[in-house]
Each structure stands twice: as C-alpha cells, then as structure tokens.
C-alpha cells in the first residue's frame, strides 16, 4: 500500500510538470480579415482542428485562440537526452543526444 501511494504522488507531480499551453492573438481593429495568420500561414475563419505546428485553434475576425495538442516533457535526463517535436504525431520524442535513434525514458503526459 505504501508503494502504491508513493506511485500516485509521483504521478501527480509528473502530470503537474507537463507544459501544454494556450495563446490568443487579437486582430487589428478596422481591418477586414478572411482568416488568421499563424507562423506565416493563413488559416480560415472558424475552427481549425490541427495546424501544421500541432495546435487546435479558433479563428474569428477579432481574435485567434490556439492551444497546443502536445505537452512539453520536462521529466527526463536533460544532460544526456533531448526533445524534438514530431509534427506527424503531435508528440515530443525524447532521444539520446549521443544517438538520436535511441529513446530516453520519460513520462508521456496527455493533454486535452
């Protein structure tokens, strides 16, 4: 029972250390907008299920609001491992710095 409680506490800490984020960008007043710009790409007005950079967005004539579809892992060996965003899966890969073909152990933290 003690081990189980330790595991639950550790998982709570790891989930809290995930780094998903949301952002909003106001459109300039007085202009006519046919969509929203994000990282140099024009997206249509309305709901965008997934951008090229793995965000879910809503675009209106007044604001663009986006949330990431991924979490940035922070519970890994930062000295020997590095993270890279896999845009096909919208997840980070945690790999060894010395051999990027080998994965490092890390915790997967889901966002919603």
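Some observations on this one:
- Here the condition is being exposed (fewer than 13 other Cβ atoms within 10 Å of the Cβ) and modelled with pLDDT of 90 or more; of 9, 63, it holds for 63 alone.
- Evaluated against (1) closer than 25 Å to residue 55 by Cα; (2) at pLDDT 90 or above; (3) surrounded by fewer than 17 Cβ atoms within 10 Å (Cβ to Cβ); (4) over 11 Å from the mean Cα position of the chain (by Cα), residue 86 falls short on exactly one condition, (4).
- Yes/no for residue 29 being assigned to a loop (DSSP other than H, G, I, E, B), in contact with a strand residue (DSSP E or B) (Cβ under 8 Å, 6 or more places away or on another chain) and either surrounded by fewer than 12 Cβ atoms within 10 Å (Cβ to Cβ) or modelled with pLDDT under 90 (or both): no
- Among (1) touching a strand residue (DSSP E or B) at 6+ places or on another chain (Cβ under 7 Å); (2) modelled with pLDDT of 90 or more; (3) surrounded by fewer than 16 Cβ atoms within 10 Å (Cβ to Cβ) - the single one residue 101 does not satisfy: (1)
- Consider region 71-82 and keep the residues that are modelled with pLDDT of 90 or more and touching a strand residue (DSSP E or B) at 6+ places or on another chain (Cβ under 7 Å). The one that is surrounded by the fewest Cβ atoms within 10 Å (Cβ to Cβ) is 80.
- Residue 106 surrounded by 13 or more Cβ atoms within 10 Å (Cβ to Cβ), at pLDDT below 90 and not in a strand (DSSP E or B): yes
The values are calculated or read from the model by the stated rules, or taken from the named source; none is laboratory data. Everything numeric in this text was worked out from a predicted model, so none of it was measured. Every residue, glycine as well, gets a Cβ built from its backbone with ideal geometry; the counts of neighbours run over all protein chains shown.
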